[in-house]
Structure formats: structure tokens, C-alpha cells
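Note sheet for the following structure.
Any read-out appearing in this document is the output of simple, stated calculations on the displayed coordinates, not a laboratory observation. Only a predicted model underlies this, so the values are computations on that prediction, with no experimental measurement involved. FYI the Cβ positions are ideal-geometry reconstructions off the backbone, even for glycines, and counts take in every protein chain you see.
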Amino acid sequence: MDSRTHSPVRKIVIVGGGTAGWMTAAALSKVLQNRFVIQLVESDEIGTVGVGEATIPMIRLYNQILELDEDEFIRETQATFKLGIEFVNWGHLGERYIHGFGVIGQQLWTTDFYQYWLKMWLAGKVPDLEHFSINRMACRANKCMRAATDMPKSPLSEIVHAFHFDAGLFAKYLRKYSEKRGVIRTEGRIVNVPLRGDGQVEAVVLETGERVEGDLFIDCSGFRGLLIEQALHTGYEDWSQWLPVNRAVAVPCDHGGEFTPYTRATAHASGWQWRIPLQHRIGNGHVYCSDFISDDEAAATLLSHLDGQPRAEPRLLKFVTGKRRKVWNQNVVSMGLASGFLEPLESTSIHLIQTTIDKLITFFPDQGFAQNDIDEFNAQMDAEFVSIRDFIILHYKLTQRDDSAFWRRCRDMEVPESLTRRMALYKQHGRIFREGAELFTPVSWLQVMHGQGLKPESYHPLVDVYPEKDIQEFLDGIATVIRKCVEVMPTHADYIAQHCAAQKM
Ligand SMILES: Cc1cc2nc3c(=O)[nH]c(=O)nc-3n(C[C@H](O)[C@H](O)[C@H](O)COP(=O)(O)OP(=O)(O)OC[C@H]3O[C@@H](n4cnc5c(N)ncnc54)[C@H](O)[C@@H]3O)c2cc1C
């Protein structure tokens, strides 16, 4: 039964002006045009988390919907290109692999490319997987360019990029965009969230006494979940038994070392460290589990692994991995950190903001709140979170490190049944499936499972239908073409200098 409550939505109130708040404001002001009043409340005094600088390729879809000029966006946010993530010391100490965006190899005959590669690789007749990925080989050479769409037959047309950007500048850029499209910004600290008799949020009340009323509230207030949790007591699913990291210290530093077109995630004894190169600085952070290392030790580890001089004092952030029991509850949709946090290993939080915006638009409650819509929205968001959660757990579970209590705990932990099943399927015959509309494709699962040493016992039997000589020629041909393509690509630094260099800061 479709039960509707409340009258049609006329006014949308966004609480919070971090990445989530301004991404929502910009997208809704663009897509909904001027059909609704949109007001955003934020507090400069409280500020934002100020991290969250690596993205995945779907961000380009968001930018396209907003009709942003990509070069302008890069200049305004001091952005660089990202072709993948390098994982250092995850399988064993001293090992490294890249999870690259885009395809690997080429479709051949009847089964997946990687099955042919797997047969030959198990026999020691072809090089590692990365030689069949233009993104990964470009990362290795610090080369970068956008896809050459005018060369459809070349691997250069298959390059897939995302960005690293300065989160503060991104929010500023989107604020300008949103205000131009009529979004009203109100500065002030919210001190009270009164509810109506039916349990819906009626208004937010600022320290000054100002009341901001609305029909639909979007909670982008960060970890505190001002509306979704503090006012509506929605509840939180704690996933720390699988994702045990619960703190991060973050610090920007000067440039030094390589100007990489990829994020680096280096595993330390009790967590891992990110390195995100921007045009004006490098973003760094050490994500760790406080059961295994003190905050001071974590900060010291971070500072001893920087490429350049730190530009600030390290900043401590605390979190619990997991998600809100309902992302949408009553007339409140939570977005960003207010809806949950899975830790930043695969740069999925900004993507989850984008997904939540997309689903909110799909189920937009213009005629009032229909419980069927809300339930479906919540079910779809649950599926998104769970599939990303499993993919991130995979990185921890597949470690073979024995040198610290943290990594032994990760290696020995029980993982969700959904993940156990996937690992077993791969281990037996190298089989990988995409479940529903999940974010990470089989190519992503393959790169991480292979990169961290999970070795299939065999490959798909259909591969044996083809003569080994033909497979060898096919694979050698792809690796050669990719190598030649990478040779002619510009370096990451040159490509930015030619197309989208930002002002020096
Ligand atoms: C350590 C770490 C690393 C991360 N790295 C990545 C990454 O590489 N890639 C990625 O995609 N994501 C990453 N994320 C996630 C990313 O930072 C967030 O998804 C993103 O910044 C969104 O934050 P937010 O807008 O939800 O919250 P916040 O930035 O915390 O913003 C909250 C807003 O609410 C306002 N507010 C709060 N309380 C009140 C009040 N009482 N009155 C008025 N206003 C109020 C604040 O002023 C602020 O404007 C990372 C997160 C962490 C913690």
C-alpha cells in the first residue's frame, strides 16, 4: 500500500556545507531548476572534515550533469588526474600492485579476457596482469592523458580517469555554482531540531534564534548526523568487526618525489597511509586502528613518510565504519558522512554522495513522502554500501602479512558470507561475477584478488578450445601495443601544464 504523508515538497533545506552539502545543492539546483526553494545552512565555526580528495571515474558523470568545463574544474580545485590506486605492502611487505581504472585486455572469443591470461600466466608464459592495462602501465611510467576518443581502435581510447582535488576548493567552487542558480546560503550554528507531531523534522533553529523551516531536509552535517541521528535516532550499523580502522591523522605537505597520476595507499603496521598529489601540495593521512597504535605514534609514522615539508599540524579524525540503519528516515535524507563511512581506501565516499543524490532525484518526493519509495531507496542504498564494504574488506582479508597484530587480526577475521563466496569462486576456477548494479566490476575484483596473492587453482575450461599458440600471439600483441602507446603519452606533469595548470598557491 502506498501511504503518503505530508503535503507536496516546496522547500528543501540542506544542513551542512562540506563536500556533501555543496554537491547536493549544486546538483539539485541544476536538475530541479527553480521549481523548489533550496536553502543551505552551514557553520564556519564548526567547519568541515576537510579531507576527501581522491575520486573514482563516476565523478565525471556528476561534472557532466552540472555541465562543468573539465579544465576549469581542474584549475579551480588544484586537481590532478587519477588513473588508479597503488597498494604498497598489502599482500606482503615489499609488494606493490595497482588497481587501475578501465578495462584489461580485449574481449576474445567466448569467455572473459582474463581467463586466457590466467591460463598462460599460471603456466608462466605471459607477464603480470598490469601489462594488459593501459591505465596501469601509464601509472608505472607517470604518464597521463585523457582518452583519445578519435582513435577508437587504440588502447589510448580506453584510458579512464578520475581526479584528485582539494576538497575545500571543490566546495567553494560548487558554492559559487549553486548560489548562481538560486541556492540561499545561511551561516550559523544549528542548536535545535524541533519535530512535528508526526515525527517529521519541522525546522532547524540557529543559535541566533532564526528558524529555517522546510519540507524535505537533507542532512549533510557530517559524522554527527544532526538530523538523521541526533533528532530522529535512526541508529547505526557498526561494521568495525570487518573494517577495524577507526581514526586518521591527516596532513598536507610540499611536493617532492614523483608527480604520480594515482593515489598511493601504503600499509603500515597498524593501518595504512594515503598519498594524494594535487597541483599545489600533497594530501597525506594515516588511517589506523586505535587498539593497535596510539595517536602520537600514528602521527609520528605519518610525518616520517612524507615527500616534503608538512604544511600544518597533523589533524586527528575519529570515526566508526558502518552506515545509518536508514539513509532516508521520515522527511530527512542523510548524505555524505551523516549517512555512514566505510573508510577511504577505495575513494568511495564522494561517489556514495553522488549515488545518494542520484537516487534522491529518482525517488524525489515532490508529491509528499511515499513509504514505498522511501523503502526502495533505502534498500538500494543498503545494496550500494554492502557491495562496497565487501570490496574494501577484501583488501584486509587477503593480506598475508604476519609482522603485526593488526594484520594478523585482519588476515584471520571472519568475513561476511557474501565475500567468502566470492573468494571461493575465484580461488577454484577464477570465476568473478558482478552482482546487480554494484559499483566495482569484475576487473576491479580481479586486480585486487590477484594483486594480493589469491591464486586460482584453474581457469575456465572454454579457454582450452583455442590453440595455445593463438592465445600467446593475442596476448603478446596486446602487451606490445599498450607498451608502445604508453611510450608516446605525455608525463602527468606535462599534460597538466599543457591543458589545465592552476594558479600557483
Ligand atoms: C580520513 C578521511 C579520508 C577521506 N578520504 C576520502 C577520499 O579520498 N575520497 C572520498 O571520496 N572521500 C573521502 N573521505 C570522505 C569525505 O571526506 C566525505 O565524504 C566528504 O568530505 C563529505 O563530508 P560531509 O560533507 O559529509 O561532512 P563535513 O565535511 O563534516 O561537513 C559537515 C558540514 O555540516 C556543518 N554542520 C555540522 N554541524 C552543524 C551545526 N550544528 N550547525 C550548522 N552546521 C553544521 C559543518 O559546518 C559542515 O559544513 C574521507 C573521510 C575521512 C574521514
Given the range 288-327 reduced to its alpha-carbon atoms as identical point scatterers, what log10 I(q)/I(0) does the Debye formula return at q = 0.21, 0.25 Å⁻¹?
-0.76, -0.92
Which of K82/K427; K143/K172; K82/K504 have a Cα-Cα distance over 22 Å?
K82/K427; K143/K172
Dipole in debye (nearest 20) - the chain, about Cα centre, beta carbon charges: Lys, Arg +1; Asp, Glu -1
380
Which Cα, out of A25, P310, V332, lies furthest along the positive dipole direction of the chain (beta carbon charges, K/R +1, D/E -1)?
P310
Long-range amide H partners of G340 with built H, under 5 Å
R324
Which order results if I432, I276, I392 are arranged by neighbouring Cβ count within 10 Å, fewest first?
I432, I392, I276
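Return a whole-number percent for the relative contact order of the chain, with Cα pairs under 8 Å and 6 or more residues apart as the contact set.
Details: 986 pairs, mean separation 118.6, N = 505.
Relative contact order, the chain: 23 percent.
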Within the range 210-369: Cβ-based charge dipole about Cα centre, in debye rounded to nearest 20 (Lys, Arg +1; Asp, Glu -1):
100
Could you work out the local net charge near P244, counting Lys and Arg as +1, Asp and Glu as -1, over the other residues with Cβ closer than 14 Å to its Cβ?
+2
Tell me, what is the FRET efficiency for R325 and E213 to the nearest 0.05, using R0 = 25 angstrom and their Cβ-Cβ distance as r?
0.40
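If you put +1 on each Lys and Arg Cβ and -1 on each Asp and Glu Cβ, how big is the dipole of the range 51-99 around its Cα centre, in Debye rounded to 20?
Numbers: 4 positive and 9 negative charges, 60 e Å.
For the range 51-99, the charge dipole is close to 280 debye.
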Taking R0 as 41 Å, what FRET efficiency do you get between K469 and N142 from their Cβ-Cβ distance, rounded to the nearest 0.05?
0.70
Which ³J(HN,Hα) values in Hz, rounded to whole numbers, follow from the phi angles of the range 176-192 under the Karplus curve 6.51 cos²θ - 1.76 cosθ + 1.60, where θ = phi - 60° and Gly and Pro get x?
4, 4, 5, 5, 4, 9, x, 5, 8, 9, 10, 9, x, 8, 7, 10, 8
Using 0.36 nm times the number of residues separating I184 and L462, minus their current alpha carbon distance, what extension gain do you get?
94.1 nm
Quickly rank 120-126, 223-229, 319-325, 331-337 as a protection proxy: mean count of other C-beta atoms within 10 Å, highest first.
331-337, 223-229, 319-325, 120-126
Sequence-distant lysines (8 or more away, or on other chains) whose Cα lies within less than 16 Å of K11:
K30
Which of L129, Q354, W242 sits farthest toward the positive end of the charge dipole of the chain, with +1 on the Cβ of Lys and Arg and -1 on the Cβ of Asp and Glu?
L129
Karplus 3J(HN,Hα) series, Hz, for the range 49-55 with 6.51 cos²θ - 1.76 cosθ + 1.60 (x for Gly, Pro):
5, x, 10, x, 10, 10, 10
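How much net charge surrounds K125 when only other residues with a Cβ under 15 Å from its Cβ are counted (Lys, Arg +1; Asp, Glu -1)?
On the way: positive: K119, K469; negative: D128, D464, E468, D470, E473, D476.
Residues close to K125 contribute a combined charge of -4.
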Please list the non-local residues whose amide H lies under 5 Å from the amide H of L40, H modeled 1.01 Å from N, same-chain partners needing a gap of 5 or more.
I14, I184, R185, T186
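Can you put I134, I471 in order, fewest other beta carbons within 10 Å first? Spell out each step's value before the answer.
Details: I134 29, I471 21.
Least to most surrounded, the residues fall as I471, I134.
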Using +1 at the Cβ of each Lys and Arg and -1 at the Cβ of each Asp and Glu in the chain, identify which of W407, G197, G225 lies farthest towards the dipole's positive end.
W407
Over the chain: helical MRE at 222 nm, DSSP H runs n ≥ 4 each giving -39500 (n - 2.57), nearest 500
-10500 deg cm²/dmol
Please list, in order along the range 288-294, the HN-Hα scalar couplings obtained from phi with the Karplus expression 6.51 cos²θ - 1.76 cosθ + 1.60 (θ = phi - 60°), rounded to whole Hz, x for Gly and Pro.
8, 10, 5, 6, 10, 7, 7
Cα shape, the chain, gyration tensor, a/c 1.5 rule:
prolate
